[in-house]
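Data first, discussion second: the structure below is written as structure tokens.
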Amino acid sequence: MTTKGFVSLVGSGPGDPELLTVKALRLLQHADVVVFDRLVSADILALIPHGVSQITVGKSPGNHCVPQDQINKIIVSLALSGRRVVRLKGGDPYIFGRGGEEALELRQHGIPFEVVPGVTAAAGCSSYAGIPLTHRGLNHGVRFITGHSQNDETLAPDWSKLADPDCTLVIYMGLANLQTICTELIHAGLSASTPAAAIHGGSTPRQHKVIATLADLADAVARADLQSPVTTIIGDVVTLSAQLDRFQGDSRLAEGVADYEPFSLARA
């Protein structure tokens, strides 16, 4: 009788390999196979030892190269063969990472698993861009929302509940619908002059930040030709970026990156 394997649903953080947890790195070092997403950075994939099988199931907006139900089957099949599986995801598995769906699938098949949190895209990208998600006197809360709908349906949240000037909004996967998001929030009562930021490649040497008003953000992002993935932050806390972003300029990490060196197992 074949012994069931074990699955670790691991968050890899926003991209900087030094934001990996110690546990995540240990699991990568001892995995039999790593099943990873498109948003896992190349620097993090470089930490996987030679000889460990790697399976990419990367998905991008409008281009799902491996459907989620097939990903579930891949993970289950690998575990049932007795392997130690690391399911490696960008950010955190349980924040818009569909980790809950995969965990339920594993539970249904009686496969033991664990969830290893990762630094969220919201926390990582905002910190590297100099934007505190909370700041006394500027907001009283934060909301994480998705910027796209399941099965490419029309994006239709309750905009009136989201248009709260005292709450910071962090929008995941919202690039394709950015103009709609900004327009609907303004129609729902949020000031058109609300500060807003869009961040591509947060926490990596490819980081590029665009800051504008809510009314102008979509056009500014288009002019900058930002590509997915983009994390969008809307709220008064964005104004602090000018003082707290240590990279400044267009935030491409051009300055202060001379000593940047990708993390390596030898240094771990």
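Among the residues of region 115-122, is there at least one that is under 12 Å from residue 35 (Cβ atoms), in contact with a strand residue (DSSP E or B) (Cβ under 9 Å, 6 or more places away or on another chain), assigned by TED's automatic domain parsing to the domain that holds residue 38 and not basic (Lys, Arg)? Looking for residues that are under 12 Å from residue 35 (Cβ atoms), in contact with a strand residue (DSSP E or B) (Cβ under 9 Å, 6 or more places away or on another chain), assigned by TED's automatic domain parsing to the domain that holds residue 38 and not basic (Lys, Arg), one finds none in region 115-122, hence no. Is it the case that residue 9 is modelled with pLDDT of 95 or more, more than 20 Å from residue 106 (Cβ to Cβ) and surrounded by 20 or more Cβ atoms within 10 Å (Cβ to Cβ)? It is false that residue 9 is modelled with pLDDT of 95 or more, more than 20 Å from residue 106 (Cβ to Cβ) and surrounded by 20 or more Cβ atoms within 10 Å (Cβ to Cβ). Here residue 128 clears all of (1) touching a Leu at 6+ places or on another chain (Cβ under 7 Å); (2) farther than 27 Å from residue 68 by Cβ; (3) not aliphatic (A, V, I, L, M) except the condition numbered (1). Taken together, the residues in region 116-143 that are part of a loop (DSSP other than H, G, I, E, B) and touching a residue at least 60 places away in the same chain (Cβ under 8 Å) amount to 13.
A single member of 210, 238, 221 is modelled with pLDDT of 95 or more, among the β-branched types (Val, Ile, Thr) and either surrounded by fewer than 16 Cβ atoms within 10 Å (Cβ to Cβ) or more than 27 Å from residue 136 (Cβ to Cβ) (or both), and it is 221. For region 66-82, the count of residues that are modelled with pLDDT of 95 or more, on the phi > 0 side of the Ramachandran plot, among the small types (Gly, Ala, Ser) and surrounded by 15 or more Cβ atoms within 10 Å (Cβ to Cβ) is zero. Find the residue count for region 29-42, including only residues that are surrounded by 19 or more Cβ atoms within 10 Å (Cβ to Cβ) and not in a loop (DSSP other than H, G, I, E, B). Going through region 29-42 one residue at a time, the tally reaches 4.
Taking the listed residues 264, 203, the one that is closer than 28 Å to residue 41 by Cβ, at pLDDT below 95 and touching a Cys at 6+ places or on another chain (Cβ under 8 Å) is 203, with no other qualifying.
The values are calculated or read from the model by the stated rules, or taken from the named source; none is laboratory data. All values reported here derive from a predicted model rather than from experimental measurement. Methodologically, a virtual Cβ is constructed for each residue, glycine included, from the backbone with ideal geometry; neighbour enumeration extends over all protein chains shown.
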